[in-house]
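Asker: Have a look at this one before I ask anything.
The values are calculated or read from the model by the stated rules, or taken from the named source; none is laboratory data. Here the structure is a predicted model, which means the values were calculated and not measured. Cβ placement follows ideal geometry from the backbone for every residue including glycine, while neighbour counts extend to all protein chains displayed.
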Amino acid sequence: MIEKIFLHLFGYGVFVALMVTMSKAHARRWNRLAAKYRADQRPTNATMPVVSKRTMQTVFLTGRDIGWNSYKGIVTVSVGDEGIMLSLMPPFSLFHPPLQLLYRDIRMEPTRWGLISNCWRYTVTGVHDVQIVMYDELHEWIQNQAAALVPAATV
């Protein structure tokens, strides 16, 4: 009886350890961005006020190494007057802190990614080896929200 309990606990422990290890390995590109653009490391008075938010979005992270990270339908994209905020829905946010990308640090260019022809690649100046790829529709939404903020900032 005791052996069976220990065997079950060992099996569950191995499963949990494997899931945590895989999640940490999957977060390597996100954490490269978070090293420079982590939203919760900024002082509380410097956090960006969110003007518009969109949930259940898809972004891909690519880099110079092999492969990519797909965050399909689990990303919340927020637009503020200083930049874009990316965060993952729980429980996927484990090892993925929210990111606050400033407009002045983002370079955007249209791209063809895989078989998808209407995409945009965002490269941030602080982390050159990771690019954020998103669908054209999400990029257009971000641009429209940012453009709506310009008149409010100049008044």
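Asker: Filter the stretch 112-136 for residues that are surrounded by fewer than 15 Cβ atoms within 10 Å (Cβ to Cβ) and closer than 20 Å to ARG64 by Cα and give the result.
Answerer: Across the stretch 112-136, the qualifying residues are ARG112, GLY114, LEU115, ILE116, THR125, GLY126, HIS128, ASP129.
Asker: So which of THR55, THR62 is part of a strand (DSSP E or B) and either surrounded by 14 or more Cβ atoms within 10 Å (Cβ to Cβ) or modelled with pLDDT under 80 (or both)?
Answerer: THR62
Asker: Restricting to the stretch 20-44, what's the tally of residues that are surrounded by 13 or more Cβ atoms within 10 Å (Cβ to Cβ), modelled with pLDDT under 75 and small (Gly, Ala, Ser)?
Answerer: 2
Asker: Right, something else. Residue check: is PRO49 over 16 Å from TYR135 (Cα atoms), under 11 Å from the mean Cα position of the chain (by Cα) and either at pLDDT 80 or above or not hydrophobic (A, V, I, L, M, F, W, C) (or both)?
Answerer: no
Asker: Also: Within the stretch 89-98, how many residues are free of Cβ contacts under 8 Å to residues at least 24 places away in the same chain and in contact with a strand residue (DSSP E or B) (Cβ under 8 Å, 6 or more places away or on another chain)? I'd like the intermediate steps shown before the answer.
Answerer: Within the stretch 89-98, the subset free of Cβ contacts under 8 Å to residues at least 24 places away in the same chain is 90-93.
Now drop any that are not in contact with a strand residue (DSSP E or B) (Cβ under 8 Å, 6 or more places away or on another chain), which leaves 92-93.
Summing the residues that are free of Cβ contacts under 8 Å to residues at least 24 places away in the same chain and in contact with a strand residue (DSSP E or B) (Cβ under 8 Å, 6 or more places away or on another chain) in the stretch 89-98 gives 2.
Each row is one residue, and each column tells you yes or no for (1) over 11 Å from the mean Cα position of the chain (by Cα); (2) under 23 Å from LYS36 (Cα atoms).
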site	(1), (2)
ARG64	yes, yes
VAL75	no, yes
GLY83	yes, yes
MET89	no, yes
LEU149	yes, no
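Asker: Turning to a different aspect of this structure: Before we move on, is THR62 β-branched (Val, Ile, Thr) and touching a Pro at 6+ places or on another chain (Cβ under 9 Å)?
Answerer: Against the criterion (β-branched (Val, Ile, Thr) and touching a Pro at 6+ places or on another chain (Cβ under 9 Å)), THR62 does not qualify.
Asker: Need pairs with beta-carbon distance below 6 Å; first residue touching a residue at least 40 places away in the same chain (Cβ under 8 Å) and among the aromatic types (Phe, Trp, Tyr) and within the stretch 54-81, second part of a strand (DSSP E or B) and surrounded by fewer than 16 Cβ atoms within 10 Å (Cβ to Cβ); sequence gap 6+ or separate chains.
Answerer: Qualifying pairs under 6 Å: PHE60/TRP68; PHE60/SER70.
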